[in-house]
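What follows is a short report on a single structure.
The values are calculated or read from the model by the stated rules, or taken from the named source; none is laboratory data. Because the structure is predicted, anything quoted here is derived from the model rather than measured. Heads up, the Cβs are rebuilt from the backbone with ideal geometry, glycines too, and the neighbour counts pull from every protein chain shown. Just so you know, the surface numbers come from the protein's heavy atoms only, side chains and all, with ligands and any DNA or RNA stripped out. Shrake-Rupley method; radii C 1.70, N 1.55, O 1.52, S 1.80 Å.
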2 protein chains.
Amino acid sequence: MGRVKLRCPQGQGPRGGTLAGRARTASRMALLETRKYSQGSALGAVNPDLASERQTPSFSVEKLTALLDGGEENTRIRRAVVEAIESDPVFSRENQYFQSQNEKYEAAVRKAVHLQKKMHEMGWTENGPEFKYIYRALSGEVAFLLHTIFMRSISVLGSDKQVAKWIPLAMQYQLIGSYAQTELGHGTYLQGLETTAVFDIATQEFILNTPQISAMKWWPGDMGRSATHTVVFAQLYIQGKCYGVHPFIVQIRSLWDHSLCPGITAGDIGPKMSFEHIDNGYLMLQNVRVSRENMLSKFCEVQPDGTYVRRGSQQINYLTMTAVRVALISHEAVIPLMKACTIAIRYSVVRRQSKLKPGEEEAKILDFQTQQEKLLPHLAAAYAFHFINNYLQDLFNRGYEEIQRENFDMLPELHAFSSGFKAIVTQYCASAVEVCLRACGGHGYSLLSGLPSLCTRILASCIYEGENTILFLQTARFLIKCFMAASAGHPVPPSVTYLAAGKPGKCPAKNKFDFLSPDIYTQAYRHAAVRLISSTAAKLQVLIQSGVKKHDAWNECTVQLVQAVKAHCHYITVKNFAETVERLEAKGGIQKIMKHLCDLFALHGIFSNAGVFLHDGHISGAQMDMATASYLDLLAVIRKDAVPLVDAFDFTDKTLNSALGSYDGQVYQRLYEWARKSPTNTQINPAYERYLKPLLHKKLSKL
Amino acid sequence: MGRVKLRCPQGQGPRGGTLAGRARTASRMALLETRKYSQGSALGAVNPDLASERQTPSFSVEKLTALLDGGEENTRIRRAVVEAIESDPVFSRENQYFQSQNEKYEAAVRKAVHLQKKMHEMGWTENGPEFKYIYRALSGEVAFLLHTIFMRSISVLGSDKQVAKWIPLAMQYQLIGSYAQTELGHGTYLQGLETTAVFDIATQEFILNTPQISAMKWWPGDMGRSATHTVVFAQLYIQGKCYGVHPFIVQIRSLWDHSLCPGITAGDIGPKMSFEHIDNGYLMLQNVRVSRENMLSKFCEVQPDGTYVRRGSQQINYLTMTAVRVALISHEAVIPLMKACTIAIRYSVVRRQSKLKPGEEEAKILDFQTQQEKLLPHLAAAYAFHFINNYLQDLFNRGYEEIQRENFDMLPELHAFSSGFKAIVTQYCASAVEVCLRACGGHGYSLLSGLPSLCTRILASCIYEGENTILFLQTARFLIKCFMAASAGHPVPPSVTYLAAGKPGKCPAKNKFDFLSPDIYTQAYRHAAVRLISSTAAKLQVLIQSGVKKHDAWNECTVQLVQAVKAHCHYITVKNFAETVERLEAKGGIQKIMKHLCDLFALHGIFSNAGVFLHDGHISGAQMDMATASYLDLLAVIRKDAVPLVDAFDFTDKTLNSALGSYDGQVYQRLYEWARKSPTNTQINPAYERYLKPLLHKKLSKL
């Protein structure tokens, strides 16, 4: 709706290649008019090189956007949310590339506080359809996300009484919560946490301590400078006996004047590669006493006499972790990749460099095969991962329903899938975003391109919520277990029944066109996954049978296990993409273009991991050449629709916040406009008076 | 010499594993003493987990350092330079992770100005043996590097009269120069530059103009805020005729008050992913007049009557580009990778996480096979690239001698080698540094680890001085040409005679130990390179013969050409490493450990690019399993010497500037110490009064 304003209406740009060419030449010949650039009046008209890319898309862009959103109604809601957020100056990201850590933090807190008001104003609720688009509209640059985790942990782990006490306060921000699990010396391995909580029967309190520096809480968001309370995970001791890690609500700052509470040492952990808007913090506890009621006690309680009581099943806890991992795939990996592709592909049809043919003008860089090969497979991957994310959401929803009915059977599969796909998608997208940055040359390296911030931020997604290698190995345990079960004829979850099926023979492809058959490439992926899983399982067994201890044998197989898990996830992604394409309507050209992207994604994987397919001759060298030929042919096919394919992601200019990626393609004007606002140009040169002036030639102003 | 202070003397750390274990346990049990950490008195003693790694190296660390330096004398000189620089507070990098772009720029200018004084004080000259270590000691964080390029371009391209006028002024910093080649819309393709210089016979001046925004000079270092002069590359016009791109000395700022000269618009291009200390700038020229004498005229001159005269050979110019590319391989790629390996490997023996064996304490993360596989191949690569850099330096020196004798025969080979290796080494090192960062988990992501700044800086090396893909394709032209010549029986440069040799047969390896034979793996690399070059040359010919135009055919082969060049460079690197090992003395265990690293580098390449070797069956699937087994075995072997192998790089703590990578391994204390100095902890919370205070619970200080 309000969206139209942001776009060049169809047909506004020049229509013919010749006209576009003439317009460009005319613009090139124009004399420099400084005023024109500095006032930005040149912005708005679409660069003719970019406009020409939009003239004859092979599919309906609007229909594809609706498909990505899961329906036109969702598209409408999303656009309305984005419009409301972006038209509000408090949420502006205009100066973000010039801000210090302090300024970014302040802006993020301001946004978080304002968001509450905004939601009320707009009638958006946490259960409403708008909610999921807010984070996207803010590009995640908002404070108090850990406050949400604080609330969720109380809701899930707290007793009814605890929920009734804390949640209303937190909802109204009468306190600000955080979640203090990770320690300086302890990350993923929770049992290793060192913080202690000793129960003192005399006072009915827990005494919390940080026994040494490695036990200091480190990294929790919102804790460095904002939080007044936090959930501290600590080893529970009752009468000298350790009962393992438990959660405790601890106040760390005064609500009155925000000063640190007695026994508390806390602060900010300093600058990071990104996330400067978040005050990740440290926390040391010295004899901090909290009441018995502050241990979250839905599942375990310490009674007044020191008796430890455990009740109910804690299995449902795993679901939170799974939900977070599935959610972050879209927000922190796939959407950033879509943004990076949009920026790099639009720029690549505006940027011209070198001549492809003698005598012609310089070519659009997207017309070089190497540039296509850098960007188009990642564009295809963005679609592939969007669809696998839908698949995971469905799996998760089904699992959630089962668990509500106290059926926990799907939990291992859910855990394995969310772990493996979190790892593979974040890893792939992180390196793909970096490729997009590099594909834009020097200008990609400027913060103003928007690519460096995408790049440094997405890197973190490979580490947080489970470091990727550890996650891969968790999925590996599941796969090896399933493989053993399947080999012994036992039942396994539906997603891994393929492990039981007999080995298929050689790839039947006879020419390059056969590699455009989903049956053929899906089969190849499946074959590779089965081979890697079975051969690693065999190695494991041989080692154990030869007397190597089980844990040593496992360690000696981990490099190959990671390979096997990647092959499994790759297979599922390709299969799911092919099945999704199958189900699409043929109307509007959507199915056809998605089929091309699916083929490209699959063949890119075969081309880039050739060894996996060649190893046992499932694909022969000659067939690999056919697959490569089809792969390279596809680049040229998809090249034609590259711009409409990123337009369909439907990011506004404000969301992209990129001088290179705007809808109008006025990259050079925008780079110049934006650079002029940099503090390096608006503030006095700090080095002149002190260092340069005394140096320079004293007698002349001009040489 | 002065070096000893920085290090824990041999034997100071606990000797036995048991003692080390006890010391660690004792330290873990100690109660928290805040004061101890905050005053840093705990620093200095070496962490016992790290100390134990240094007890029984299989080789002499000091001898290896000398080998890397090219002799003990060089080591002595290097250490003296580093000591002199690091003991001077002006060169301190202590607060670099907290500085704004303005502060970094100011510090870099200050260092540049001070460096002049320092060099004079120390008696270091530009031709002395100390000179090459200065940049390393400063970690490149110094201004006026483009001033050096300004001087070099005048020396190379200027007439004797121009050299006599400008160089003395520049030497004394009576002016500050820059080098303005790249434009907003034009990078690598120099012929596309749009800036114009029109000769006005009447006034004997050139009139320089920026005809439109894409012609604005963009990116030149030192130009945004410092330079008073610059060498502008512009299309020369005389009486309406264009004579192509020529260099002109242009004054842009007053020497008197640093104001911009008439007709000049200039400023800083704003924030980048790194290099914040450099004022990369933009420049627009409007009817700027410079005298006829300001065109650099060693090779071409415009005479007073407008006659254009060309003289001498310009070929020697190419040498500058080659020299820069060779020099940057070491400074901007290999040394950063060595630093990243030092940080990540030291941290990986201090960090403990999860249990490898039930009942034991948590394991050092370097004992996990997956962690070894992330780091050790890159450690091997750092050595491999160090040796290939020596090889390139030798090649360059020989070429330089020939060229002095007016023999330009080696120029194409030099150009091809410097291009291809610049591209492959920067690309490899950039991704390896990122792997090191990720291998350190969350703490690697903190700027205080030193890894993010290495990571963002090295990324630029893939783009500047020739974007890597373009460089690969320049090498490809050379290789295809040589291949055609060799096939026709014509002579080719010695480095590519292997292209002419007949195809070797199958790999003869019969068991995993055979893959530890340099003959076997070098042969495999050579085979792969020949196959990729010859098959791409064949594809090119087939396309052309089928009627595809030559430039289109070339474009359709570029993805495969890049693969072929990589295979060629990989082969040369492996071969050179193996030959270097061969030549080493057996004494001090150096040869043995270098042989292991060479094997690891080679087998890692085979493991990671399996498809290249399996494609035509040179290596069979079964042989690939053998190579993989040897590869994984080697990880465990090199694991034992991992710390001594990075110690041998001999970086001081100040050079690394990393909380994770210091020699003493006191990572947690240092992270805490450094975090406390962050402005987020030393400045007032900017969000409290405005946003948090009005929000929080009004009545109580404690809940």
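Just a few scattered comments:
- Listed by first and then second residue, the pairs with beta-carbon distance under 9 Å, at least 6 apart or on different chains, first residue in segment A:128-139 and farther than 9 Å from A:Arg78 by Cβ, second open to solvent by 40 Å² or more (accessible area, probe 1.4 Å) and not in a helix (DSSP H, G or I), are A:Phe131/A:Thr125.
- Of the residues making up segment B:96-111, one or more are open to solvent by less than 30 Å² (accessible area, probe 1.4 Å), over 27 Å from B:Ala333 (Cβ atoms) and either under 24 Å from the mean Cα position of the chain (by Cα) or polar (S, T, N, Q) (or both).
- Qualifying residue in segment B:462-470 (condition: outside any loop (DSSP other than H, G, I, E, B), within 30 Å of the chain's Cα centre (by Cα) and surrounded by fewer than 20 Cβ atoms within 10 Å (Cβ to Cβ)): yes
- Test: residue in segment B:355-366 that is at pLDDT 95 or above, buried (at least 21 other Cβ atoms within 10 Å of the Cβ) and of a type in the set (A, V, I, L, M): yes
- Which numbered condition B:Val324 misses (of (1) open to solvent by 20 Å² or more (accessible area, probe 1.4 Å); (2) assigned by TED's automatic domain parsing to the domain that holds B:Trp219): (2)
- Condition met for B:Gly621 (at the interface with chain A (Cβ under 8 Å from one of its Cβ atoms) and of a type outside the set (Phe, Trp, Tyr)): yes
Yes/no matrix, rows are residues, columns are (1) facing chain B (nearest Cβ under 10 Å); (2) in contact (Cβ under 8 Å) with a residue 40 or more places away in the chain:
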position	(1), (2)
A:Asp222	no, yes
A:Thr228	yes, yes
A:Val231	no, yes
A:Gln235	no, yes
A:Gly240	no, no
A:Leu255	yes, yes
A:Ser259	yes, no
A:Ile269	yes, yes
A:Glu276	yes, yes
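- Candidate set: segment B:556-566, residues that are more than 9 Å from every other protein chain (Cβ to nearest Cβ) and over 10 Å from B:Ile424 (Cα atoms); chosen: the one surrounded by the fewest Cβ atoms within 10 Å (Cβ to Cβ): B:Gln563
- Of residues in segment A:112-123 being farther than 30 Å from A:Thr680 by Cβ and buried (at least 19 other Cβ atoms within 10 Å of the Cβ), the one nearest to the other protein chains (Cβ to nearest Cβ): A:Val113
- Count of segment A:580-608 residues which are within 13 Å of chain B (Cβ to nearest Cβ) and surrounded by fewer than 22 Cβ atoms within 10 Å (Cβ to Cβ): 3
- Test: residue in segment A:75-84 that is more than 30 Å from B:Ile269 (Cβ to Cβ) and either surrounded by fewer than 16 Cβ atoms within 10 Å (Cβ to Cβ) or modelled with pLDDT under 95 (or both): yes
- Residue check, A:Val637 in contact (Cβ under 8 Å) with a residue 12 or more places away in the chain and crowded, with 24+ Cβ neighbours inside 10 Å: no
- Filtered by the rule that a residue be closer than 20 Å to B:Ala227 by Cα and part of a loop (DSSP other than H, G, I, E, B), segment B:126-160 gives B:Gly140, B:Glu141, B:Val142, B:Ala143, B:Phe144, B:Gly158.
- Pair list, Cβ < 6 Å and 6+ apart or interchain, from segment B:443-457 residues that are facing another protein chain (nearest Cβ under 8 Å) to residues that are outside any helix (DSSP H, G or I) and of a type in the set (Gly, Ala, Ser): B:Leu448/A:Gly270; B:Leu448/B:Ala659; B:Thr456/B:Ser274
- A single entry from B:Gly177, B:Gly140, B:Gly158 fulfils the requirement of being open to solvent by less than 30 Å² (accessible area, probe 1.4 Å), more than 13 Å from every other protein chain (Cβ to nearest Cβ), in contact with a Leu (Cβ under 8 Å, 6 or more places away or on another chain) and farther than 30 Å from A:Glu361 by Cβ: B:Gly158.
- When B:Arg54 is tested against the conditions (1) among the basic types (Lys, Arg); (2) farther than 28 Å from B:Asp222 by Cα; (3) open to solvent by 60 Å² or more (accessible area, probe 1.4 Å), the lone failure is (3).
- Take the conditions (1) within 8 Å of chain B (Cβ to nearest Cβ); (2) over 23 Å from B:Phe275 (Cβ atoms); A:Asn389 misses just one of them, which is (1).
- Only one of the numbered conditions (1) touching a residue at least 12 places away in the same chain (Cβ under 8 Å); (2) touching a helix residue (DSSP H, G or I) at 6+ places or on another chain (Cβ under 6 Å); (3) open to solvent by less than 30 Å² (accessible area, probe 1.4 Å) is not met by A:Gly611, and that is (1).
- Of all the numbered requirements in (1) within 14 Å of chain A (Cβ to nearest Cβ); (2) not in a helix (DSSP H, G or I), B:Thr370 misses one, and that requirement is (2).
- Residues in segment B:487-515 that are buried (at least 21 other Cβ atoms within 10 Å of the Cβ), out of contact with any Cys (no Cβ under 7 Å at 6 or more places or on another chain) and not aromatic (Phe, Trp, Tyr): B:Cys507, B:Ala509.
- Test: residue in segment A:184-195 that is open to solvent by 10 Å² or more (accessible area, probe 1.4 Å) and closer than 20 Å to A:Val288 by Cα: yes
- Looking across segment B:402-442 at every residue that is away from every other protein chain (no Cβ under 13 Å), open to solvent by 10 Å² or more (accessible area, probe 1.4 Å) and modelled with pLDDT of 95 or more, the one that is farthest from B:Val492 (Cα to Cα) is identified as B:Tyr428.
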